[in-house]
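*Asks:* To start, I am sharing the structure in question, which I have written as structure tokens.
The values are calculated or read from the model by the stated rules, or taken from the named source; none is laboratory data. Every value quoted in this text rests on a predicted model; they were computed, and no experiment measured them. Cβ atoms come from the backbone with ideal geometry, glycine included; neighbour counts cover every protein chain shown.
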Amino acid sequence: MRVGRPSRRARTLLMTLGVLAVLLMVFTMFAGFWTDWLWYRSVDYSSVFTTTLWTKIGLFFVFGLLMALAVGFNVWLAHRMRPPLSAMSMEQQNLDRYRMSIAPYKKWLLLGITALLGLIAGASASGQWRTWLMWVNGVPFGQKDPQFKLDVAFYAFDLPWYRFLLGFGFAATVLSLIAAALTHYLYGGLRVTSPGARATAAATGHLSVLLGVFVTLKAVAYWLDRYGLAVKSSDFKATDNWTGLRYVDANAYLPAKTILFCIAVICALLFFATLWRRTWQLPVIGFGLMVLSAILIGGLYPAIVQKFQVQPNEQAKEAPYVEKNLKATREAYGIDDAQVDDYPGTSQTKDKTKLRDRVSETASIRIMDPNIVSPTFQQLQQIRNYYAFPTNLDVDRYPDPKTGAEQDTVIGLREINLNGIPKRNWINDHFRYTHGYGAVAAKGTSADDGRPVFTESDLPSKGDLGTYEQRVYYGERTTTYSIVGGPQKEIDYSDDSGEKTTSYQGDSGVNLANPINRAAYAAAFSEPQILYSGAIGEGSRILYNRTPKERVEAVAPWLTIDGDAYPAVVDGRIQWIVDAYTTSNGYPYASRTTLGDTTADSLTATNDNRAVVAQENRVNYIRNSVKATVDAYDGKVKLYQWDSQDPVLKTWMKAFPGTVEPKSEISGALMDHLRYPQDLFKVQRELLTRYHVKDATTFLSGSEVWQVPDDPTNKTGDAVPPYYQSMKMPDQKEQAFSLTTTFTPNGRDNLSAFMAVDAEAGSEGYGKIRVLKLPTSTTAAGPKQVQSQFNSEQDIAESIRLLRGGDSEVEYGNLLAVPLDGGLLYVEPVYVRGGGLKYPLLRKVLVTYGGQTAFEDTLEQALDKVFGTEGTATEPPEGENEGSDEGGGTTEPPASDNPTVQEALDDAQEAFEAGQEALQKNDWEGYGQAQKDLEEALRRAEQAQPGGGGGGSGASDGSPGPEPSPGG
């Protein structure tokens with residue numbers, strides 16, 4: 001049976017399908033480009049898109065064309081230099097059939113090969129757009145390296161580009177050499193098995209020139225390697241990420257590279273000389289000499305110097321180079337001005353009453369842990385299942401409306417939670433449930449019966465934050481696209497009267513009224529319904545790239561973004577504040593660090609919204625040069641120049657003019673909420689574990705190496721996170737919003753140092769790093785030892801066992817450390833989750849100081865017990881005492897001659913005992929009723945007192961207050 005050819009109709013159908021497939025592929029590629037352009041235009045950063053695009057295109061075509069021309073020219077030249085057919089040997093005549101087979105296609109074959117190599121080279125070059133822009137726009141650092149006396153900009157901006165050019169030159173030369181050799185062999189210029197001359201004179205000259213170019217490039221490589229020693233990574237006894245010259249580099253590798261450079265130049269000249277001498281003898285001898293020299297001079301000689309000169313007296317030999325590394329590393333990471341002071345580690349005051357009173361002056365101790373109370377916010381303020389709070393809340397400062405004083409505040413946004421939508425479908429997910437609603441905030445230093453004292457709550461949110469746009473279209477949990485502003489109404493929020501609807505009025509997003517835009521997004525998002533859905537009409541806009549980190553990364557791809565964006569209510573808007581860094585890997589002599597490893601801690605290991613910054617990014621220079629904001633309603637991104645002296649930022653501002661606004665544009669309201677970034681602090685504290693010392697001898701001995709302790713309240717085994725808190729260091733006159741951490745000696749658990757940085761932007765001391773260094777002879781407890789001490793004391797262990805009764809779980813909050821009179825005061829809130837409740841409540845506070853430990857219901861009670869005396873704090877204003885610091889008191893009410901007062905106090909005592917009994921049984925409902933009875937009895941007692949006016953609960957007058965919330 002003979003199979004016939006396809007019919008004309010079938011061929012037409014196949015051709016049509018092929019054309020359609022190609023058109024679909026082309027349109028998909030166009031859709032990606034077009035949607036990117038529309039998005040950048042919608043956020044007013046189209047210049048970033050065009051600059052990046054044209055830079056990539058330019059590099060692609062320039063280097064792609066250079067590669068294609070280099071290889072194509074050498075193939076053409078080899079073909080033109082072919083010997084006449086009559087001069088070919090039998091070996092070459094046997095290749096005749098191959099020559100004949102490619103002869104009709106040789107032009108197309110040449111074009112195809114060169115085009116393919118050009119495409120590969122161009123694609124590789126386009127990925128170097130950052131390197132090109134930094135080289136073209138590089139700004140001097142104004143600092144010179146200690147070895148070659150060149151500006152740091154040479155290593156940060158110039159050397160990477162030169163290395164790329166060198167690598168491209170090697171690739172083009174090697175490919176040209178291979179292509180030319182194959183062509184010469186195919187057309188008789190080279191012989192392998194035939195007797196006589198192995199190569200024609202033309203082939204010899206051609207290939208010799210290419211080899212001469214290769215060796216010339218090798219000479220250039222040797223010369224650049226001299227400067228590369230200043231930024232070369234190497235393992236060193238003192239540090240695993242050493243950068244810069246050591247003794248063996250300066251005295252062996254550096255002269256070796258110079259000698260090898262000279263030998264390579266001579267060897268290259270010998271190769272070029274074959275154009276006249278027509279012999280390989282001298283070039284081969286020269287090339288062999290170069291290889292032998294590379295082994296002996298570049299490898300063996302430095303090893304001998306290291307073995308016999310350095311190792312016998314390493315400290316003396318390496319000390320001058322270590323000092324250069326110390327200086328450069330401290331400058332590169334911004335820790336050169338860190339103030340390291342000796343700190344006794346033990347209390348210097350014997351008067352316990354003075355110490356007790358000094359606590360409130362030293363710190364406003366935060367007992368609301370933002371990393372614990374998110375479920376409490378969720379249960380008490382979620383309101384609807386389609387709202388959610390982040391796993392870890394944020395700490396900010398807001399003024400107390402009564403006193404005007406700044407107070408630490410735990411804050412989170414009520415963001416949209418698509419998993420909580422009653423019925424999931426495409427319309428509900430992308431058209432109706434589009435945004436969250438409102439901020440929720442609570443005092444950081446207070447609690448109310450274990451719950452947060454909310455300063456902003458309910459739906460719509462109301463409280464101390466005033467009037468502001470509450471809709472949250474952009475947030476950390478908002479990871480999908482929404483289509484808003486069209487015929488389909490959105491769910492706004494719900495109250496007692498039912499659901500409220502709204503339609504987006506902002507100018508964010510991309511307009512979908514244009515059918516081309518709809519088709520492009522349908523292709524880009526692989527969602528055909530976008531093309532034909534009736535829910536999309538006039539005014540419809542698509543919102544995407546909605547997390548603050550995504551938006552800032554997109555508009556400033558040259559920045560490294562901090563892992564934790566945080567919200568703030570500023571000038572009637574919710575603004576996401578994002579810290580961004582400029583980094584470099586080319587700061588001479590500065591040791592390198594991997595940001596992903598350095599910034600990881602116990603929170604990044606368990607947090608769903610706190611990303612690890614730039615996981616594999618290795619740097620040896622970092623600055624917090626940009627503060628960025630993202631409006632939660634319209635997604636508008638603003639970049640502000642924070643470090644006006646940073647040359648890396650100046651370079652990028654030249655490359656992308658108009659994208660970064662000057663620092664003077666930051667409003668006062670926004671400045672109040674800017675803070676020192678956590679990731680930068682974590683990088684700096686990691687470097688300070690070694691680089692707090694300034695002399696080479698101590699650094700090399702390793703006797704002063706510290707480590708960041710593991711988080712004792714978390715079982716992940718990761719580093720303890722830094723904590724924001726308002727406190728003052730010994731040399732400060734008043735409290736400042738600070739970011740703090742502790743250090744322990746390497747391999748030990750006792751405390752070696754305490755570190756704090758003034759985190760309040762706009763303040764005179766912002767960014768000032770202070771380190772309190774404890775004597776090595778002291779045995780001050782570190783975080784792990786403090787936690788072990790808490791867990792090992794019999795009374796505390798028994799109390800915790802009772803709290804864990806039934807199905808209850810005990811959760812330890814942040815272990816805060818505060819320097820106090822030469823010693824360290826540790827405070828740790830303890831939360832209980834159980835008894836039918838799905839969220840943690842603050843139930844106890846652990847405090848230790850000077851070897852004394854307390855585990856009490858309130859912070860004030862715990863401090864009283866630790867210091868053996870009560871504080872002399874005044875009675876709080878009416879209505880503010882419940883759950884405040886002053887809530888601590890005695891365990892029994894005082895007697896009174898007034899029978900009405902005495903009756904009320906007896907009732908209070910009875911309610912107190914009932915509450916304690918209910919607490920031991922985990923009867924939270926009974927416990928809550930007992931607290932209400934107690935409050936009522938204390939109120940009656942106060943009203944019955946002469947002059948009593950019923951102002952506040954009895955927790956402020958020394959009567960029992962078993963569960964008022966502690967505060968700072």
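*Asks:* Being acidic (Asp, Glu) and at pLDDT 90 or above is the filter here; which residues of the stretch 443-465 pass it?
*Replies:* Of the stretch 443-465, the ones acidic (Asp, Glu) are 448-449, 456, 458, 464.
Selection gives 456, 458, 464.
*Asks:* Take the stretch 717-729 and flag every residue that is in a loop (DSSP other than H, G, I, E, B) and either within 12 Å of residue 759 (Cα to Cα) or modelled with pLDDT of 90 or more (or both). Talk me through it step by step, then tell me what you get.
*Replies:* Looking only at the stretch 717-729, we keep the residues that are in a loop (DSSP other than H, G, I, E, B), and these are 717-718, 720-722, 728-729.
720, 721, 722, 728, 729 - these are the residues of the stretch 717-729 that are in a loop (DSSP other than H, G, I, E, B) and either within 12 Å of residue 759 (Cα to Cα) or modelled with pLDDT of 90 or more (or both).
*Asks:* A further question follows. So residue 234 clears everything in (1) touching a strand residue (DSSP E or B) at 6+ places or on another chain (Cβ under 6 Å); (2) part of a helix (DSSP H, G or I) except one condition, right? Which one?
*Replies:* All conditions pass for residue 234, except number (2).
*Asks:* Are there any pairs, at least 6 apart or on different chains, whose C-beta atoms fall under 9 Å, with the first in the stretch 861-880 and over 24 Å from residue 828 (Cα atoms) and the second exposed (fewer than 13 other Cβ atoms within 10 Å of the Cβ) and at pLDDT below 60, and if so, which?
*Replies:* Within 9 Å, the pairs are 878/949; 878/950.
*Asks:* While we're looking at this one, here's another question. Based on this model, can you work out whether residue 32 counts as of a type outside the set (A, V, I, L, M), within 19 Å of residue 553 (Cα to Cα), out of contact with any strand residue (DSSP E or B) (no Cβ under 6 Å at 6 or more places or on another chain) and modelled with pLDDT under 95? So that I can check it myself, show each step before the final result.
*Replies:* Values: of a type outside the set (A, V, I, L, M): yes; within 19 Å of residue 553 (Cα to Cα): yes; out of contact with any strand residue (DSSP E or B) (no Cβ under 6 Å at 6 or more places or on another chain): yes; modelled with pLDDT under 95: yes.
Here the answer is yes, as residue 32 does meet what is asked.
*Asks:* Name every residue in the stretch 183-201 that is among the hydrophobic types (A, V, I, L, M, F, W, C) and either modelled with pLDDT of 90 or more or more than 59 Å from the chain's Cα centre (by Cα) (or both), in order of residue number. Before the answer, list the steps.
*Replies:* Going through the stretch 183-201, the residues among the hydrophobic types (A, V, I, L, M, F, W, C) turn out to be 186, 190, 192, 197, 199, 201.
Passing the criteria: 197, 199, 201.
*Asks:* Right, another one. Can you list residue pairs whose Cβ atoms sit under 7 Å apart, with the first residue in the stretch 128-149 being under 22 Å from residue 51 (Cβ atoms) and the second being in a loop (DSSP other than H, G, I, E, B)? Count only pairs 6 or more apart in sequence or on different chains.
*Replies:* Matching pairs, first to second residue: 130/558.
*Asks:* Right, next: Residues in the stretch 709-741 that are among the polar types (S, T, N, Q) and more than 18 Å from residue 409 (Cβ to Cβ): how many? Step through it out loud before you land on a result.
*Replies:* Filtering the stretch 709-741 for residues among the polar types (S, T, N, Q) gives 713-714, 716, 725-726, 732, 735, 738, 740-741.
With the extra rule that they be more than 18 Å from residue 409 (Cβ to Cβ), the set shrinks to 713-714, 716, 732, 741.
Counting residues in the stretch 709-741 that are among the polar types (S, T, N, Q) and more than 18 Å from residue 409 (Cβ to Cβ) gives 5.
*Asks:* Further, regarding this structure: Can you tell me which residue is surrounded by the fewest Cβ atoms within 10 Å (Cβ to Cβ) among those in the stretch 384-413 that are hydroxyl-bearing (Ser, Thr, Tyr) and more than 24 Å from the chain's Cα centre (by Cα)? Give the derivation first.
*Replies:* In the first step, residues of the stretch 384-413 are kept if they are hydroxyl-bearing (Ser, Thr, Tyr); the result is 386-387, 391, 398, 403, 409.
Of the ones still in play, those that are also more than 24 Å from the chain's Cα centre (by Cα) are 386-387, 398, 403.
On the way: 386: 20, 387: 25, 398: 21, 403: 10.
If we take residues in the stretch 384-413 being hydroxyl-bearing (Ser, Thr, Tyr) and more than 24 Å from the chain's Cα centre (by Cα), then 403 is surrounded by the fewest Cβ atoms within 10 Å (Cβ to Cβ).
*Asks:* Could I ask something else about it? Which residue is surrounded by the most Cβ atoms within 10 Å (Cβ to Cβ), if the candidates are limited to the stretch 642-668 and must be basic (Lys, Arg) and farther than 19 Å from residue 762 by Cα? Even if it seems obvious, please write down each step before you answer.
*Replies:* Start the filter on the stretch 642-668 by keeping residues that are basic (Lys, Arg), which leaves 650, 654, 663.
This time we only want the ones that are farther than 19 Å from residue 762 by Cα, so: 650, 654.
Details: 650: 21, 654: 14.
Result: 650.
*Asks:* I'd like to check which helices (runs of 4 or more DSSP H) are fully inside the stretch 519-612 and have at least 1 residues that are under 30 Å from residue 644 (Cβ atoms) and not hydrophobic (A, V, I, L, M, F, W, C).
*Replies:* 548-555, 595-598
*Asks:* I need the full set of residues from the stretch 738-759 which are farther than 13 Å from residue 785 by Cβ, of a type in the set (Ser, Thr, Tyr) and either in contact with a helix residue (DSSP H, G or I) (Cβ under 8 Å, 6 or more places away or on another chain) or surrounded by fewer than 24 Cβ atoms within 10 Å (Cβ to Cβ) (or both), in order please.
*Replies:* Start the filter on the stretch 738-759 by keeping residues that are farther than 13 Å from residue 785 by Cβ, which leaves 738-741, 743, 746-747, 753-759.
Okay, now just the ones that are also of a type in the set (Ser, Thr, Tyr), so 738, 740-741.
Within the stretch 738-759, 740, 741 qualify.
*Asks:* Go through the stretch 332-363 residue by residue and tally those that are within 28 Å of the chain's Cα centre (by Cα) and either of a type in the set (Gly, Ala, Ser) or farther than 30 Å from residue 582 by Cα (or both). Before you say what the answer is, go through the steps one by one.
*Replies:* Taking the stretch 332-363 as the starting set, the residues that turn out to be within 28 Å of the chain's Cα centre (by Cα) are 332-340.
Then drop every residue that is not either of a type in the set (Gly, Ala, Ser) or farther than 30 Å from residue 582 by Cα (or both), which leaves 332, 334, 338.
Total satisfying the criteria: 3.
*Asks:* Still on this structure, please answer the following. Could you run through the stretch 547-559 and say how many residues are surrounded by fewer than 24 Cβ atoms within 10 Å (Cβ to Cβ), in contact (Cβ under 8 Å) with a residue 60 or more places away in the chain and not hydrophobic (A, V, I, L, M, F, W, C)?
*Replies:* 3
*Asks:* Give me the residue from the stretch 822-868 that is in a strand (DSSP E or B) and among the acidic types (Asp, Glu) and, out of that set, modelled with the highest pLDDT. Please lay out each step first, then the result.
*Replies:* Restricting attention to the stretch 822-868, the residues satisfying the condition of being in a strand (DSSP E or B) are 823-833, 841-849, 852-856.
Subsequent filtering for residues that are among the acidic types (Asp, Glu) retains 828, 856.
Values: 828: 93, 856: 90.
Looking at the filtered set, the residue picked out is 828.
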